Amino acid sequence: MTKTNDTAFTEQEIARLRADTPGTRHRLHLNNAGAALMPTPVLSAVTDYLGREAEIGGYETKAERHEQLEGVYASIARLVGAEPDEIAISENATVAWQWAFYAQGFKHGDRILTTTAEYAANYLSYLQVARRTGAVIDVIPDGPDGLLDPDALDCMIDDSVKLIAITWVPTNGGLVNPAEAVGKIANAHSVPFLLDACQAAGQMPIDVAAIGCDMLTATGRKFLRGPRGTGFLYMRRDLVQRTEPAMIDMFGAEWAGGDRYTLRSDARRFETWESDYAARAGLGAAIDYALAVGIDRIEQRSRALAARLRTGLTAIPTATVYDVGPDPAAIVTFTLDGVEAADAVASLGALGINLSVSDATSTPIDSTKRGLGALVRASPHYYNTNEEIDLALTKVGELAQSG
């Protein structure tokens, strides 16, 4: 695909993108925050690699496709504004995040600063480290707009702060935390900054230098439209050099004789020897595809589609939208009076409309603070159309009336 710099998508371009996306012929897919529909080049990259493994063998294919596999690191680096040696590829975003987090070496009294919108898996890791080491978890207050309050964060910093770790775009709504403001504060105080960009990657531009994060993690399956079972870690080069992974094997390190070992010099010191190389090929194809479309353009269109959906939902008397923030991302959460979230998702799914349920347990701090239960989550992407949004709204409205 040839990269275009035009801001707007033409009808012809959307038609081409949808022709590249076989799933659009079968479903109205508004579950891109869960797992987006893969375009044909991504599917082809995976199946072609697997086919070659079947023909000549797994080890032989890896050797033959060395340049292709190395190129995935370069593609990820272009996506986030980093260098290939600052990238490690994982089997999912959780593993990538854990690589970064558990390598920080917490001790009693160390403080971890996080946000109310933090994802449950991350928060559970904080709790485990706090129990093991005596580290302390402190939640950064939100401002009146619902976003993390940078001024409050700045006031929380002291010598005991070991890590600032936040979710950029939470799983349960369109909130977009001010990552760049956090980065400025973290850098000013020389505090490591770990950014969970799971819902941001592929939906909005990422520049790790501009953000000022020391570590960033993301998945391939969501807005990047890659295969499941893929993720990556960015870690700033100088931090890599002084960070010991929590676990190593013969890929990330080598025996140096006796009781000595030497770690790799790059971020791949976090990786292990075995990997799903077909999935990696698909991840590289997905990133290249997104970059060719243009991340700025993807963000603009996805947010516009989500705004259309939010506006339509507010016109349904029994619908309540729970998104916060002045410029929400392409994740829309809502409930319908008298209709359980799971029942709504099942009913709409039976009509060929893919949504998902955002459980209260997925964001425990925020859900407790706001008194949230299970929410219906809709997450459009750039290959969706206004007509699809309007059809979804019609069906939601009919379900609301029946409820």
Check: Of the conditions (1) among the polar types (S, T, N, Q); (2) assigned to a loop (DSSP other than H, G, I, E, B); (3) farther than 18 Å from G325 by Cβ, N177 fails just one. Which one is it?
Finding: (3)
Next item on the list: Restricting attention to strands (runs of 3 or more DSSP E) lying wholly within the stretch 270-376, give those where 2 or more residues are more than 23 Å from V80 (Cβ to Cβ), over 18 Å from the mean Cα position of the chain (by Cα) and modelled with pLDDT of 95 or more.
Entry: 319-321, 332-336
Check: All but one of (1) part of a helix (DSSP H, G or I); (2) in contact (Cβ under 8 Å) with a residue 60 or more places away in the chain; (3) aliphatic (A, V, I, L, M) hold for L216; which doesn't?
Finding: (1)
Notebook entry, point to check: touching a residue at least 24 places away in the same chain (Cβ under 8 Å) and touching a Pro at 6+ places or on another chain (Cβ under 7 Å): does that describe R221?
Noted result: yes
Notebook entry, point to check: Can you pull out the residues in the stretch 255-269 that are surrounded by fewer than 24 Cβ atoms within 10 Å (Cβ to Cβ) and assigned to a helix (DSSP H, G or I)?
Noted result: R268, R269
Item checked: Count of residues meeting criterion [crowded, with 22+ Cβ neighbours inside 10 Å, in contact with a helix residue (DSSP H, G or I) (Cβ under 8 Å, 6 or more places away or on another chain) and assigned to a helix (DSSP H, G or I)] in the stretch 76-95 -> 4
Next item on the list: Can you run down the residue pairs with Cβ atoms below 6 Å, 6 or more apart or on separate chains, where the first is in the stretch 139-153 and more than 20 Å from N122 (Cβ to Cβ) and the partner is at pLDDT below 95 and of a type outside the set (S, T, Y)?
Entry: D145/P326
Checklist line | Qualifying position, being part of a helix (DSSP H, G or I) and surrounded by fewer than 15 Cβ atoms within 10 Å (Cβ to Cβ), among E60, E53 | finding: E60
Check: Counting only residues that are surrounded by 21 or more Cβ atoms within 10 Å (Cβ to Cβ) and within 22 Å of the chain's Cα centre (by Cα), how many does the stretch 230-244 have?
Finding: 8
Next item on the list: Identify, by number, the condition in (1) within 28 Å of I14 (Cβ to Cβ); (2) in contact (Cβ under 8 Å) with a residue 12 or more places away in the chain; (3) surrounded by fewer than 18 Cβ atoms within 10 Å (Cβ to Cβ); (4) not aromatic (F, W, Y) that S358 doesn't meet.
Entry: (3)
Margin query: Just to verify a result, which residue in the stretch 158-178, among those that are of a type in the set (G, A, S) and crowded, with 24+ Cβ neighbours inside 10 Å, is farthest from L291 (Cα to Cα)?
Written below: A165
Next item on the list: Tell me which residues, restricted to the stretch 196-213, are crowded, with 24+ Cβ neighbours inside 10 Å and in a strand (DSSP E or B).
Entry: D196, A201
Notebook entry, point to check: Would it be correct to say that P227 is assigned by TED's automatic domain parsing to the domain that holds Y123, more than 14 Å from L79 (Cβ to Cβ), in contact with a strand residue (DSSP E or B) (Cβ under 8 Å, 6 or more places away or on another chain) and assigned to a loop (DSSP other than H, G, I, E, B)?
Noted result: no
Notebook entry, point to check: Inside the stretch 226-271, can you point out the residues that are touching a residue at least 40 places away in the same chain (Cβ under 8 Å) and either farther than 25 Å from D288 by Cβ or polar (S, T, N, Q) (or both)?
Noted result: T230, L239, T243, E244, P245, A246, S265, R269
Margin query: Among the residues in the stretch 54-71, are any among the hydroxyl-bearing types (S, T, Y), modelled with pLDDT of 95 or more, touching a strand residue (DSSP E or B) at 6+ places or on another chain (Cβ under 6 Å) and closer than 27 Å to L291 by Cα?
Written below: no
Check: Which one of A117, A121 is closer than 17 Å to L195 by Cα, in a loop (DSSP other than H, G, I, E, B) and of a type in the set (G, A, S)?
Finding: A117
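The values are calculated or read from the model by the stated rules, or taken from the named source; none is laboratory data. Since the model is a prediction, treat every value here as computed from it, not as a measurement. When we count neighbours, we look across all protein chains shown, and the Cβ atoms used for this are built from the backbone with ideal geometry, even at glycine.
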